[in-house]
């Protein structure tokens, strides 16, 4: 009769019961998927970043950074940068090169909280968005970077090249061509509006 | 249970053993027989209890409140942080001020320098280790950061965020879940030694224990010892009932047996650790050792020392009777009884027990305020998350929610609203006036503070989110923005008629809006009309532009409420919430780069895995140059217009853009103002919408100033973006003029809207300028 309440005869049932924490985790998984899906549908949230396909990174290098740096021979603007921002930008750039675009974006947002109108941070965010294929946001961040930036030199060229690639991908062919013109003009126009 | 090496035997060394085995054996057999008969006869009843207890056991595992975190404070050289701010932040984050910093979670202030031992924390962008560093502050800014050991400079140190709230299950409980392997070994073994020495071996009931207790109680003549096993106690906690009937006891006993049949000892003990009632905080029961450790010692359980562990074990017997805050002597006696039991069972050496018995209780004077103090903001967080989560999930999934709230700013905002309204009452306004405030970062759209009641700790109607009130004149800037976008027709100096205007409304009635001062101002410039908030001129301008266009503009700026396109819209006959108004003005404050306001940035699981991220999204407005020109006009509202009392309230700040709003019969008072880094909206009025004697400047602006006085402000940036520029113009004629000409003023113009005619003075100068240009060229 002892067995009626003892453990031995009911051991088999115990095996069916996963550990306390395991269950918690397992139960959350479907919820995770459902929520991430919902978030994506709502268009306001994104899931953990997947490594960017190589071609997106190449596009940023070949169509934005390399030509901008070639253009800029002679015209360079080096804004003084807060060391905290520099640390975050370095972290973002490392994350980006490892393909962890989500992480890069989070670090850039942190940098933006410190210096919200820093053209370098905004442009880096634009380039990350370009790799995430969020062309609209890439365009918007690049525009803001240009608006608050020096409007000359390498960063200006990166701004307009990003805008060009983004417009291209958004199907705005003539806008893209115009942006390429503006990128070239970054090297020989004086800043306006000051 | 693997960690608990020492195991107490089921036998007591000292407890009297009054009867021989035969006696025990009889009782044992009889009890089992009875239980067997009961089970056989009353299978349905047992099945019912089985269902109840397993549902409860499984269900409880899920009842984890979501934790809501404030934004983490980033410390770096140059960060605007005053010593007061930093201390507030540390205090709200649960850091303890000590004389010697030795452990994470402690800090010390000495000579303008903070020494902080930051706690480890898992952020959405990864884990962060504990760090011991010092912060030097000077002039309201961080002047340096160094590691304490080695003295290396640090460029960026992020504090772990304050936990501002927990979103609770419906029951009024709070817990911090503890895993059995994280609990101090002494707690695991000690609990068994004190409460249930036979835990490892009994099937849920310990008949010997019951008998022993009965005997001890009989001898003492009162209930000194309980015979309940930990399993029984767990069941009792599940169905917290103070009923002490035999029926209840029988139910509990059966459920204890059933629990043991379903789950292993480790699972039961872990559930017990998280379930047992250990105190009461206001309306909230403190369940589990993890939460109790925070509640009594403000420390995580794994960091507790022997005397503290012993006290918690002692509280199991009666958390209110032995309440160490209310009955410290009683609690100490109980703790020392526990220590003696631990020594007796060999869990502590005599020396350890002696020194632990001599230690003070170590309980904090007051428990840290429960996380509900910022519930106005938390309501906003729930709102944002409810688009993705069910309320039920928020309350039970144990999510980690990362928000944008700045505790320091929130404290300042609450004080500004409460003190501001008290002050207005002293100056003769009604003491029943209510207020609301929303503070956001201009560029990122992150909500830093939100107040929905003059008594911010009162949970109730949240005016910042839910009070729909007429906005009055704070809508006017949008009328002028529309005008400025028409560069061929308007600039800030365009003349407009401020004579009385009468309109026939669709319902057949006439509408004749008058100016606030009941005067007509004749022909005025757009700038003057906005700066002084003239109604007649604004309606005339609006009619030229069309109410439809104004409604469209509201939509473009993020207003989702339906607004009827009637002429009364020009004067703000639109009902919006303070939060919606903040959204509109965020776009203006950010120079036309709209960002949907955010209160949540990321959501993680209990384990720290990312579930959701709310990235910052930017939507540039068209014609941003018009917004920059408008911002300039709004700085003139502050220097010489309806908000001209503001500079005296703030002191030296540099340009600030602002607009007052007052509605009919002085029912609502609004103020909205922004700088380069902050945008805030304040509202004051009566809940029942009766005339309140308030104006934008006499009420809401006072609250706004009360907050901004305490903030670190970056003045409005008046540099013009592409497509707009500054020109010298003649203040009277509006013609282009030279910097040194008489009545010359600088004014921003959008490309294409600038005046073309020149003053005689400029024409003369230009000849000379050209000459000097050539002269300079040749001289070089």
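Here, each number is a calculation from the coordinates, and none is a lab measurement. Bear in mind the structure is a predicted one, so any value in this text is a computation, not a measurement. All Cβ positions, glycine included, derive from the backbone under ideal geometry; neighbour counts span all protein chains shown.
Numbers at a glance
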| quantity | calculated |
| --- | --- |
| At R0 = 22 Å, FRET efficiency that the Cβ-Cβ distance of residue B:80 and residue B:364 yields, to 0.05 | 0.10 |
| Folded to 0 to 90 degrees: helix B:547-556 orientation relative to chain B principal axis, Cα | 40 degrees |
| Shape call, the protein assembly as shown: gyration tensor on alpha carbons, a/c limit 1.5 | prolate |
| Net length gained if the chain between residue B:37 and residue B:503 were fully extended (0.36 nm per residue, minus Cα distance) | 158.7 nm |
| log10 of Debye I(q)/I(0), alpha-carbon scatterers only, for segment B:184-302 at 0.13 Å⁻¹ | -0.56 |
| Average partner coverage of B:430-443, which counts Cβ from other chains inside 10 Å | 1 |
| Two-site FRET efficiency, residue B:649 against residue B:179, from Cβ-Cβ distance with R₀ of 60 Å, rounded to 0.05 | 0.65 |
| Inverse mean reciprocal Cα-Cα distance (Kirkwood Rh) of segment B:252-399, Å | 17.6 Å |
| Label-point separation in nm, residue A:81 to residue B:354, each point 7 Å along Cα→Cβ | 6.3 nm |
| Zone of residue A:170's modelled label, taken as backbone nitrogen in segment B:621-647 under 12 Å from a point 7 Å along Cα→Cβ | B:621-622 |
| Cβ-Cβ FRET estimate between residue B:110 and residue B:266, R0 fixed at 51 Å, reported to 0.05 | 0.60 |
| DSSP beta bridge pairing in chain B, given as percent antiparallel to the nearest 5 | 90 percent |
| Label-point separation in nm, residue B:743 to residue B:688, each point 7 Å along Cα→Cβ | 5.4 nm |
| Whether segment B:64-122 is rounded, prolate or oblate, judged on the alpha carbon gyration tensor where a/c under 1.5 counts as rounded | oblate |
| Spin-label pair residue B:565/residue B:548, simplified geometry with 7 Å Cα→Cβ offset, distance in nm | 0.4 nm |
| Peptide A:148-158 - average C-beta neighbours from other chains (10 Å radius) | 1 |
| Theoretical gain in end-to-end length, residue B:248 to residue B:757 [0.36 nm per residue, Cα-Cα removed] | 173.6 nm |
| For segment B:241-294: rounded, prolate or oblate by the Cα gyration tensor [a/c cutoff 1.5] | oblate |
| Relative counts (whole %) of C-alpha pair distances in segment B:493-625, using bins that are 10 Å wide | 11, 30, 31, 16, 7, 5, 1 |
| Shielding score for B:257-267, defined as the mean number of other chain Cβ atoms within 10 Å | 4 |
| Burial order of peptide ranges B:668-681, A:111-124 (average beta-carbon count within 10 Å, highest first) | B:668-681, A:111-124 |
| Euclidean distance of C-alpha centroids, segment B:639-711 and segment B:413-468, integer Å | 12 Å |
| 222 nm mean residue ellipticity, helices alone, for chain B (DSSP H n ≥ 4; -39,500 (n - 2.57); rounded to 500) | -12000 deg cm²/dmol |
